[in-house]
């Protein structure tokens, strides 16, 4: 079974600064997907970024980028130029390839962006 | 991205009654939908996987007779909490997999959730 670990329950960052959220996972699979989801106070889950394990290049979406270290089974999220709207719970998630696969979520990191 | 709706967004019911929550994929077909439960300040816990036209697959520890799931069409799945009790109060979230997503990403889109309060 897969496990996803987020070791930072809460983090705080000042507006315009950069913050990195950590995520590690454990799997025996070689092909899989990794995700970061954002859950703001509205509780709507929003996909932030996705990484395919077979791709060596780290995914980037505007101010969001990941540091994917497959051998170390690490998948951190970097948020640059933090904005107040980034305040949310962030969940790291793992999914095997295949149509029968399902998401395994980490415990989440609560990020607070301050003025 | 694709849109998933849930109805109702919140519901209050008396203990012993049943509550039905609907999950709809609005602009895509979803052969697979998922139901999650989320307690305050916790992560999402997968309850069951709903497959169109077949029985749902429940996660270990989830009572299938209490949480009835029906996936009668490619755009609708329902979760019925039967004989609800206060401990069933929670935030329920569905997601739908867009099987038409190119590249095999199998991307899941989440509904806005339903807050259930059982008195």
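Read the figures in this text as sums done on the coordinates, not as results from a lab. Just so we're clear, the structure is a prediction, and the values are computed from it rather than from any experiment. Positions of Cβ are generated from backbone atoms using ideal geometry, with glycine treated the same way; all protein chains shown enter the neighbour counts.
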Cα-based radius of gyration of the protein assembly as shown once divided by 2.2 N^0.38 Å, which approximates compact folds: 1.02
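Based only on other Cβ atoms within 10 Å, what is the fewest-to-most ordering of B:98, A:26? Before the final figure, lay out each step's value.
Numbers: B:98 21, A:26 11.
Fewest-to-most ranking of B:98, A:26: A:26, B:98.
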In 5 Å bins starting at zero, report the fraction of Cα pairs in chain A per bin as a rounded %. 2, 12, 24, 25, 19, 10, 5, 2, 0
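Calculate the translational D of chain B in whole µm² s⁻¹ from Stokes-Einstein, where the hydrodynamic radius comes from the Kirkwood formula applied to all Cα pairs, the temperature is 37 °C and the viscosity 0.692 mPa s. Let's see the in-between values first.
Working: Rh = 14.3 Å.
After rounding, the answer is 230 µm²/s.
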Treat each spin label as a single point 7 Å out from the Cα along the C-beta direction, and report the residue A:1 to residue A:69 distance in nm. 2.7
Each label point is 7 Å from the Cα along the Cα-to-Cβ direction; what then is the distance between the points at residue A:81 and residue B:10, in nm? 3.6
Amide N proximity, the stretch A:54-79 versus residue A:17 label position 7 Å along Cα-to-Cβ, cut-off under 15 Å: A:79
Within 10 Å of each residue's Cβ, count the other Cβ atoms and sort B:20, A:73, A:102, B:14 from fewest upward. B:14, B:20, A:73, A:102
